[in-house]
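The values are calculated or read from the model by the stated rules, or taken from the named source; none is laboratory data. These numbers were taken from a predicted model, which means no experiment stands behind them. Cβ atoms come from the backbone with ideal geometry, glycine included; neighbour counts cover every protein chain shown. Side chains are part of the model used for accessible areas, which takes the heavy atoms of the whole protein and leaves out ligands, DNA and RNA. Shrake-Rupley method; radii C 1.70, N 1.55, O 1.52, S 1.80 Å.
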Amino acid sequence: MEQKVFSTTGKEIRTINLDEKVFAVEVSNGAIYHAIRNEAANRRVGTACTKTRAEVNYSNTKPYKQKGTGNARRGDKKSPISVGGGTIFGPKPRDYSYTLPKKVKRLAMLSLLSLGVEEGRLCVIEDFTSENGKTKDLAQIMKAFETENQRTVIIMKDDDPMLRRAARNIPYLHVLAYDKLSAKELLYGRKILVLESACQNLSDFYGEF
């Protein structure tokens, strides 16, 4: 399938053939859901912690005598029904992360790339980098694509520290390597800018399985 290639000034300069096995597959909403859920779970810290009656630092004395008061028998003031007592079935530190099957994750990324093409959010842009890592130069490129204050994703051919540095101070911009895509960013990104050489890398990485 043919796709236009734009310069860093936003002008069309040529066309490129994209791999239909990567950019024109049938969208799987289920795979997308599972990929985003997996990313959200893996980001959870899981440090919430409450104390049980055994852990509460409180008095061990009985609140009143065993018999004669008409009240229920009470062992100590750390009971969960007392103010300042322990918590019943409260959260404890745990690991929420889990591994998503490779085929499901791959299908999700292919679906998101294809969805971007289908909705007209995905643009192929000529290769560029930031020589000095200045945000000003990258912001000028983003302005040419009318992405200002719109959630935008740049997919690089490989990890580019200077480009990441330039994008660091642009709050709506997210820079991803072709082999470390984020389902959340691809789904919610209003613009997906793919570097021209990254298209081939995506085809090689996701095309054959």
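Looking only at the stretch 54-100, filter to residues that are open to solvent by 50 Å² or more (accessible area, probe 1.4 Å) and among the β-branched types (Val, Ile, Thr); which one of those is farthest from His34 (Cα to Cα)? Step by step, filter the stretch 54-100, then rank; the result is Thr69. Inspection of the stretch 15-32 finds no residue satisfying the criterion of being among the aromatic types (Phe, Trp, Tyr), touching a Ser or Thr at 6+ places or on another chain (Cβ under 9 Å) and modelled with pLDDT under 90. Please indicate, with yes or no, whether at least one residue in the stretch 142-152 is modelled with pLDDT under 90 and small (Gly, Ala, Ser). Looking through the stretch 142-152, at least one residue is modelled with pLDDT under 90 and small (Gly, Ala, Ser). The single condition among (1) open to solvent by 80 Å² or more (accessible area, probe 1.4 Å); (2) within 29 Å of Ser197 (Cα to Cα); (3) touching a residue at least 24 places away in the same chain (Cβ under 8 Å) that Glu12 does not meet is (3). Only residues that are in contact (Cβ under 8 Å) with a residue 60 or more places away in the chain, under 18 Å from Val25 (Cβ atoms) and of a type in the set (S, T, N, Q): list them for the stretch 156-209, please. Listed by number, the list holds a single entry, Ser203.
Taken together, the residues in the stretch 131-141 that are under 10 Å from Thr8 (Cβ atoms) and either in contact with a strand residue (DSSP E or B) (Cβ under 7 Å, 6 or more places away or on another chain) or small (Gly, Ala, Ser) (or both) amount to 0.
Screening Lys136, Lys102 for residues that are charged (D, E, K, R) and in contact with a helix residue (DSSP H, G or I) (Cβ under 9 Å, 6 or more places away or on another chain) leaves exactly one candidate, Lys136.
With respect to Lys105, determine if the residue is basic (Lys, Arg) and closer than 30 Å to Gly207 by Cα. Against the criterion (basic (Lys, Arg) and closer than 30 Å to Gly207 by Cα), Lys105 qualifies. Could you say whether any residue in the stretch 28-39 is of a type in the set (Phe, Trp, Tyr), part of a helix (DSSP H, G or I) and closer than 30 Å to Gly207 by Cβ? Yes: the stretch 28-39 contains one or more residues that are of a type in the set (Phe, Trp, Tyr), part of a helix (DSSP H, G or I) and closer than 30 Å to Gly207 by Cβ.
Results for (1) under 22 Å from Glu196 (Cβ atoms); (2) under 17 Å from the mean Cα position of the chain (by Cα); (3) not polar (S, T, N, Q), shown as yes or no for each residue.
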site: Val25; (1), (2), (3): yes, no, yes
site: Arg37; (1), (2), (3): no, yes, yes
site: Val45; (1), (2), (3): no, yes, yes
site: Tyr58; (1), (2), (3): no, no, yes
site: Lys65; (1), (2), (3): no, no, yes
site: Gly75; (1), (2), (3): no, no, yes
site: Ser114; (1), (2), (3): yes, no, no
